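> Let me begin by handing over the structure; questions about it come next.
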Amino acid sequence: TPLPEDFITALRFCMFSTSSDTSKPTLTCVHMVGGFAESCDNFRVTRYYFKKGKTPPDLIDTLIPNQSVSDLVNYKPTKYGITEGWAHFEQNGVVFSCRTYAEAFPDVEPLLEVKGKKLSLPEGIAEAADRAAIFTSAKQKSNEMATIKVQPGSLLIEGMGDSGWYKEKIKSNYTGAPLGFSISPHFLKEALALT
């Protein structure tokens, strides 16, 4: 069956918030749903809506483990097939097969019902995130974090790791109260490329 054109983009986007805790195996997976892919590690949640149409019916409720996702995103499969306990992805006659989980994925919809102020990030933040990523070292790429501090008129991005630290201040139009958060610089760059 043909895959949505942005299937690999969805996997790459969602793998950031899959868990590495195997005591909750469903949270170590990317969950395919009708029209979107999602993941949650009990701290972060990610949802990617497919650009065209809906998820093919027999791919709905498929749980693809993050170990398979991290390999699969290096390929560009165009077709897939589902058999009991397996998902198969094909690219030019080469088939990549991975085990799937049969458990139910938790409902993350309430976590996505967010109220609050919208924040527009300034020009140049993607490039700054790229530079900060050089200094955010961790065993897993998804655990690398940069700190963002926003205050009236400016945004500060910081990356710190074994090889040193990086700070960059960017001019901003923000006028609200100071705020801050931590985010994977790789995920921030991916998200900015899609918005």
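A short reminder: the numbers here are calculations on the coordinates, not readings from a lab. Please read these numbers as outputs of a predicted model, since none were measured by experiment. Note: ideal-geometry Cβ built from the backbone for every residue, glycine included; neighbour counts use all protein chains shown.
> Can you pull out the GluC sites (Glu not before Pro) in region 110-182 whose DSSP state is coil and whose Cβ has at most 11 other Cβ atoms within 10 Å?
Here the GluC sites (Glu not before Pro) that fit, given the DSSP loop and packing criteria, are 113, 123.
> Take the cross-link list 117/149; 149/169; 149/171; 24/189 and give me the ones stretching past 18 Å between alpha-carbons.
Among 117/149; 149/169; 149/171; 24/189, the Cα-Cα distance tops 18 Å for 24/189.
> Amide H to amide H under 5 Å from residue 62: which residues, 5+ apart in sequence or cross-chain, H placed 1.01 Å off N in plane?
Under 5 Å from the amide H of residue 62 lie the amide H atoms of 32, each far enough along the sequence or on another chain.
> What residues have an amide H closer than 5 Å to that of residue 36, excluding those fewer than 5 places away on the same chain, when H is modeled at 1.01 Å from N in the peptide plane?
For residue 36, whose amide H was placed from the backbone, the distant partners under 5 Å are 50, 55.
> Give the average over all directions of the projected area of the C-alpha convex hull of region 24-63, one decimal, in nm².
For region 24-63, averaging the hull's shadow over all directions gives 2.7 nm².
> How much length, in nm to one decimal, is gained on full extension between residue 22 and residue 181, taken as 0.36 nm per residue of separation minus their Cα-Cα distance?
Length gained between residue 22 and residue 181: 54.6 nm.
> Modelling each spin label as a point 7 Å along the Cα-to-Cβ direction, I'd like the residue 117/residue 95 distance in nm, to one decimal.
If labels sit at residue 117 and residue 95, their model points lie 5.5 nm apart.
> For region 1-89, run through the GluC sites (Glu not before Pro) and keep only the ones in DSSP coil with at most 16 other Cβ atoms within 10 Å of their Cβ.
Counting only loop positions with at most 16 other Cβ atoms within 10 Å, the GluC sites (Glu not before Pro) in region 1-89 are 5, 84.
> Take every Cα pair under 8 Å in the chain that's 6+ residues apart, average their separations, divide by the length, and report that relative contact order as a whole percent.
16 percent
> With Rg and the Kirkwood Rh both taken from Cα atoms, where does Rg over Rh land for region 44-149?
For region 44-149, the value is 1.02.
> Right, next: Within the chain, which complete DSSP H helices have Cα atoms spanning at least 30 Å along the helix axis and a mean Kyte-Doolittle hydropathy of -1.0 or higher?
none
> Would you calculate the separation in nanometres between label points at residue 151 and residue 131, each defined as 7 Å from the Cα along the Cα-to-beta-carbon direction?
Here the modelled spin labels are 1.9 nm apart.
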